[in-house]
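Enquirer: Structure incoming, see below.
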Amino acid sequence: MSDCPYCGWPDDEPVRNLSEHPTGDGVLFWTRCACGSVQARVLTGGTVRIVTRGKPAGPRTAAPRTGTRVDC
Ligand SMILES: [Zn+2]
């Protein structure tokens, strides 16, 4: 499987499971990587597919100028 493009963490070892939601197509998982990147992955028939991946929230990323802040 692939690795996180931000920190290189293996995608098959999610650091933290945030939530899971059964859907008609499978189970949708939200996970958070070691770098803070949030991922949505869908488990269908024993295969996990990452459908979307957020950017890590951290001081090293370019800070938005609008004052948007992510507290966690
Ligand atoms: Zn990462």
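Read-outs: derived from the displayed coordinates by stated rules, not from any lab. If you're wondering where the values come from, they're calculated on a predicted model, not measured in any experiment. Here the Cβ is made from the backbone with ideal geometry for all residues, glycine too, and neighbour counts use every protein chain on show.
Enquirer: Quick check on segment 1-56: take the gyration tensor over C-alpha atoms, sort the square-rooted eigenvalues as a ≥ b ≥ c, and tell me if it's rounded (a/c under 1.5), prolate or oblate.
Expert: prolate
Enquirer: Follow-up. Please list 31-39, 17-25, 5-13 highest first by mean number of surrounding beta-carbon atoms within 10 Å per residue.
Expert: Listed from highest to lowest mean packing, they are 31-39, 5-13, 17-25.
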